[in-house]
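Below is one structure, written out as structure tokens, with a few remarks after it.
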Amino acid sequence: MKKIVVCVGGFLLGLSLWGQRVNHPALLFTKERVEAAKARVQSDTCMARCWADIRKVADAALEKNDLNRSDYLALAYLMTDDRRYADRLKSILQSVTQARTWGSEEMLSRKPVWRADLGLSHKCLMAALAYDAIYETLSSRERKELAEDLLRLGVEPSLGDWVLEPTRIHSLNSMGHNWWTSCVYNGGMLAMALQNELPEAVEWVETLNEAMPEWFGFAGDVLQAKIKSFDEAGGMYESLNYANFGIQEALQYRIAWQNTHPGRKAPELPQLERLPDYFVQVCYPRTGILYNLNFGDSHKNVAAESSMMLLYALGIRRPEILWYINQVQEGQHRDGYFRNRPMGFLYTPDCSKAPAMPDVATSCLFADFGWAVMRDSWKKDAAMLAVKSGQTWNHSHADANSFILFYKGVDILKDAGNCWYPNPAYRNYFFQSQAHNVVLFNGEGQSREQQYQGSYLRGSLHYLMDNGKMKYVLANGTGPMSDKFSRNFRHFLWMDKVIYMIDDIAAHKPGHFEWLWHYNGKAVKRGADVTVTSDSASVVIRPLYPRLLALSDFVHDYPDDLYWEVKKGPTEDLKGEEEYYSFHLPGEHKRVKGLTAVILKDSPDDKDLPMMKRTEGKDWIGLKVRRNGKVTDIYINQLADGRLMHSNSWITADGWTTDAYMFAVTYDEGTDPAKASEMFVCYGSALRRGEVSYYSSLSKLFVMQRREGKKLDLRVEGQPHIRAAFRQPSCPAELEVNGQRQKAVYENGNVILKSKL
């Protein structure tokens, strides 16, 4: 009886394993995708051209023993059934499996030994695609021999180092970024390819599948200052380059798992639905190749078309994905999934019905990792301002409170970039604060140790607001600079074609403050302005507080004004040097309020610039701006910067009484400021004029008010529960609050807002 049970058990196990058998090719180059590509080659001249490019590379690879071209050879074989490609793949696999190890000398010398790195990971992926493609051409003996060698060289080191006990040495806390998905899921791809010959691989494949939500959902930790991997708004902190790479590696595995497990449901990954918004929001559409934000270790040419097309293949059919892929040009970056490369050839969707522009907001805040993006439209070559104040570590540079401004197709105020990591310029310049648009103190920025240990007190962004005409965000870079500063705030207020940057900084001791400006193009100082021009893009940098730029080189005639200095740093390609500006106060100070206007010119010859006059009163400084018949008054409350504790920061400025940190009103020239059509209150509980209250709230809020005809647009941030009153001449026929239509409640000349944000 016992023998019968054993036989039945063995029979059931065999059936179970047979149910897990992979019907090759089944990973990424499936029969369905290959047949669909063949059909498109016949009807689509672009696809035909791309196929010719791919086959040319594959034909050249026939003369070599290059594992790195296995994807080309595999696709060529599956498209043509030409055994020359399959024979070459078999020869390559038999050759590379003669190696003692696929590990790198550097990693193998570490303690503990790192057997699997990105190089080994790539070998695993290429071997998996090759084995999967030629499986049916191999004898059972060849399959088994190759499987055992690939297990030793690729699968066991990858999964043994990164996932499986009792040999695992890595955790999500230490290496849970792009390396993790690459090493784990490319090793897993190879395990998936070998399942028929290695029954134990079935369980490993399932383990990796179940682990994916842990990577996407990693919440960070306190002891090692790790932040959560994915922002609630969809983004990933590692820079676009590495975010795309890490996501891409995970998505490829998920697709392969679904292909080899038909009818099975993969674990839920809610982050996937939000990823398209992230990739779209951080791109800059322009005439020419698509640019992208290059905060950290990324380049503006790098795009995320690979992750976008994999998301589309997984069923996330957002029209914005098609729009995005249409913006990317073939060959614009090194690792792209372009249509003349195997993955792009098979996975680029039909983009003929892509929208002309994406239907997403013009501003977005990634609060968890500290990026914000604001633009004036989604048209090509529009103006886009990006702000960074978040984590510093790994691929995230020491750039708290920095920014990039794209305008007319150019990153006119830019990030200095990055270079190859072993080069001294990377750790000594590109990673450091000096390579970014920040404020230094005594020539120093963030502590250099943050590059290796992280910023335990990281930067943050808050209160993003955008009503179409006015935009605002607050950057708090105090944490990363807390060894020098007790306050390090930078406000970005974008009104009309002027971006006002207000720096509120307090140091622990008196010292020298220095503002850095990295630019793209040619910079010329004329009087109190610096004008930067690149092709048709031109902006004016105009410091207004704490002082103007000294008007000439005779700085001894302007002893209190800002001095300027042209500094040099290495170019991103390390082929030369480039200049950037430094503005600095001549004396030592402990506290500063800096106000700089960045004026967007319609053209390099544009002379119709706003007229700006500095204003000042008791406990406040300000600015009166005139342009095209409109006047904007901006006031900054000198008492509202934390110097007072229980005493409220009330000031009276030009007839206005308020406790706001800052406020601005826009009105027609020659009319009463009380009739302002636009109003901005930054951290205030009231704004009064004479005996009339124009805005009131028990708590200090951030408020944008814009009135057009009978429509009132309110944007309110700052507290979860709000009860505020806004003075209006009549009940608005249409009320919009934070982008949502609401019924207006009008009492005693005020619109009453009761809201839970």
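A few comments on the model shown:
- HN-Hα J in Hz across the stretch 352-358 - Karplus 6.51, -1.76, 1.60, θ = phi - 60°, x for Gly and Pro: 5, 9, 5, x, 5, 9, x
- Contour minus Cα-Cα distance for VAL222 and LYS607 (0.36 nm per residue): 133.3 nm
- Nearby lysines by direct alpha-carbon distance to LYS388 (threshold 19 angstrom, same-chain neighbours under 8 apart not counted): LYS226, LYS228, LYS300, LYS414, LYS471
- Amide proton proximity set for ILE621, modelled H, under 5 Å, gap of 5+: ILE636, GLN638
- Accessible area of the stretch 364-415 divided out per residue, in Å², using a probe of 1.4 angstrom: 17
- Potential extension, PHE554-ASP359 segment - 0.36 nm per residue separation minus Cα distance: 64.9 nm
- The share of accessible area on the chain that comes from carbon and sulfur is 49 percent, using a 1.4 angstrom probe.
- Against the rule of thumb 2.2 N^0.38 Å, how large the Cα Rg of the stretch 356-451 comes out: 1.20
- ARG264 paired with LYS618, simple spin-label distance in nm, labels 7 Å along Cα-to-beta-carbon: 7.6
- Straightening the chain between ALA233 and LEU314 buys 27.2 nm, computed as 0.36 nm per residue apart minus the Cα-Cα spacing.
- Excluding ligands, DNA and RNA, the accessible surface per residue across the stretch 509-569 is 46 Å² with a 1.4 Å probe.
- Cross-link partners of LYS144 among lysines (Cα-Cα below 24 Å; sequence separation of 8 or more within a chain): LYS31, LYS90, LYS123
- Tensor-based shape of the stretch 35-129 (alpha-carbon gyration tensor, a/c under 1.5 rounded, otherwise prolate or oblate): prolate
- Per-residue Karplus couplings for the stretch 401-414, computed as 6.51 cos²θ - 1.76 cosθ + 1.60 with θ equal to phi - 60°, are listed in order as 6, 7, 8, 10, 10, 9, 7, 6, x, 10, 7, 5, 10, 10 Hz, Gly and Pro entered as x.
- Residues whose amide H lies under 5 Å from that of GLY296, counting only those 5 or more places away or on a different chain, are HIS397; hydrogens are built 1.01 Å from N in the peptide plane.
- Rounded if a/c under 1.5, otherwise prolate or oblate - the stretch 691-746, Cα gyration tensor axes: oblate
- Helix 2-19 and the longest principal axis of the C-alpha atoms of the chain enclose an angle of approximately 50°.
- On Cα atoms only, tilt of 83-96 relative to the major axis of the chain in degrees: 80
- Shape category assigned to the stretch 340-403 from the gyration tensor of Cα positions, a/c cut at 1.5: oblate
- Measuring between their Cα centroids, the stretch 627-705 and the stretch 737-756 lie 20 Å from each other.
- Matching label, Kirkwood radius over Cα pairs in Å computed from the structure shown, candidates (i) 30.4; (ii) 27.4; (iii) 28.7: (iii)
- Across LYS525/LYS568; LYS613/LYS711; LYS630/LYS711, pairs whose alpha-carbon gap is larger than 27 Å: LYS613/LYS711
- For the pair ASP668 and ARG643, a Förster radius of 25 Å applied to the C-beta separation gives a FRET efficiency near 0.10, rounded to the nearest 0.05.
- Entry comment: accessible area of the stretch 187-255 is 28 Å² per residue, from protein heavy atoms only and a probe of 1.4 Å.
- Whole-number D in µm²/s for the stretch 223-282 (Stokes-Einstein; Kirkwood sum over Cα pairs; 37 °C, 0.692 mPa s): 253
- Separation of the stretch 187-233 from the stretch 28-57 is 32 Å, based on Cα centroids.
- Inter-probe distance in nm under a simple model that places probes 7 Å from Cα toward Cβ, at SER140 and ARG427: 5.6
- For the chain, adding -39500 (n - 2.57) for each run of n ≥ 4 DSSP H residues and dividing by the number of residues yields -8500 deg cm²/dmol at 222 nm.
- Centroid-to-centroid separation of the stretch 469-501 and the stretch 353-408 [C-alpha atoms, Å]: 15
- Burial order of peptide ranges 558-566, 656-664 (average beta-carbon count within 10 Å, highest first): 656-664, 558-566
The values are calculated or read from the model by the stated rules, or taken from the named source; none is laboratory data. Since the structure is predicted, the reported quantities are computational estimates derived from the model, not experimental observations. Glycine gets a Cβ as well: all are built from the backbone with ideal geometry, and neighbour counts include every protein chain shown. What goes into the accessible areas is simple: the full protein's heavy atoms, side chains included, and nothing from ligands, DNA or RNA. Shrake-Rupley method; radii C 1.70, N 1.55, O 1.52, S 1.80 Å.
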